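Everything on this sheet refers to the single structure shown next.
Bear in mind that the values in this text are calculations on the coordinates, not laboratory data. Here the structure is a predicted model, which means the values were calculated and not measured. Virtual Cβ from ideal backbone geometry, glycine too; neighbours counted across all protein chains shown.
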Amino acid sequence: MSDPKRILVLFAHPAFQASRVNRLLSQAIKDIDGLTFHDLYKTYPEFDIDVPAEQELLLSHDIYIVQHPLFWYSTPAIIKEYLDLVMEHDWAYGSHGKALTGKQVMHTVTTGGRESAYRTDGFNGHTVREFLLPLESTAKLCGMTFVPPFVAHGTHRMTESEMKAHAAEYRQIVTDLQNGRIDIDAISQQSRINTL
């Protein structure tokens with residue numbers, strides 16, 4: 001069996017102090033060996049992203065987890081800023097841009113709305129994975145494997161026991177990814193990786 005892969009969690013929540021679910025999800029994984037938890041808003045409150053440092057951080061990890069709430073059917077603003085600056089042409093993509101080839105990326109997304117709102121026939125008309133399509137396309141452009149997202153729906157009304165169940169499943173999925181126990185090809189078309 002190969003060594004566990006190194007995981008980088010790029011965390012982005014502009015109001016983390018008010019988040020119940022993201023706090024619990026974060027706590028569930030922070031102590032995993034080989035995992036680096038990187039709070040982008042805490043590190044870059046003025047959005048002054050250190051591109052060389054971030055590129056080195058990306059190079060030193062095998063799997064990226066981008067953890068964030070769904071804001072206006074997308075990511076919080078700092079993730080877009082991060083992608084615009086860090087994923088440079090001829091570094092992350094382009095004829096000479098092979099730095100991230102072979103890496104895996106998964107989004108961990110929380111939504112205030114219930115799962116029934118995130119269906120083709122639901123209020124929002126799309127699944128969370130469909131809203132992440134530009135990010136999936138970015139991953140593919142950079143030669144990365146896009147892992148179906150971990151999604152926690154209905155955070156506004158989630159009970160303590162439901163939050164704990166999501167956190168436990170999240171930890172299990174992260175450690176399974178780290179140790180190569182998930183057949184990514186077999187789940188590649190799923191709308192999400194988790195069962196809850």
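Using the charge dipole of segment 7-187 (Lys, Arg: +1 at Cβ; Asp, Glu: -1 at Cβ; taken about the Cα centre), state which of GLY102, THR75, SER137 has its Cα farthest towards the positive end.
Selected residue: THR75.
Test of understanding: extend the Cα→C-beta vector of ILE184 to 7 Å, then name every residue of segment 40-77 with backbone N under 20 Å from that spot.
Answer for segment 40-77: 55-68.
Roughly what % antiparallel, to the nearest 5, for the DSSP beta bridges in segment 7-187?
So the antiparallel bridges in segment 7-187 amount to around 5 percent.
On a straight-distance basis, which aspartates and glutamates could pair with LYS103 in a cross-link, Cα separation under 19 angstrom, same-chain partners fewer than 8 positions away excluded?
Within the straight-line limit of under 19 Å, LYS103 reaches these aspartates and glutamates: ASP3, ASP33, GLU54, GLU56, ASP62, ASP84, GLU88, ASP90, GLU136, ASP176, ASP183, ASP185.
If I model a spin label as a point 7 Å beyond the Cα along the Cα-Cβ vector, how far apart are those points for ARG20 and PHE71 in nm?
2.2 nm
By how many nm would the segment from LYS164 to SER137 lengthen if fully extended, with 0.36 nm per residue of separation less the alpha-carbon distance?
6.5 nm
Would you please classify the overall shape of the chain from the alpha carbon gyration tensor, given that a ≥ b ≥ c denote the square roots of the eigenvalues, rounded means a/c under 1.5, and beyond that prolate means a/b larger than b/c while oblate covers the rest?
Verdict is rounded for the chain.
For segment 82-160, state which chymotrypsin sites (Phe, Trp or Tyr not before Pro) are in a DSSP loop and have at most 16 other beta carbons lying within 10 Å of their beta carbon.
Those that pass, being in a loop and sparsely packed, are PHE123.
In which sequence would MET163, MET106 go, from the one with the fewest C-beta neighbours within 10 Å to the one with the most?
With the fewest neighbours first, MET163, MET106 line up as MET163, MET106.
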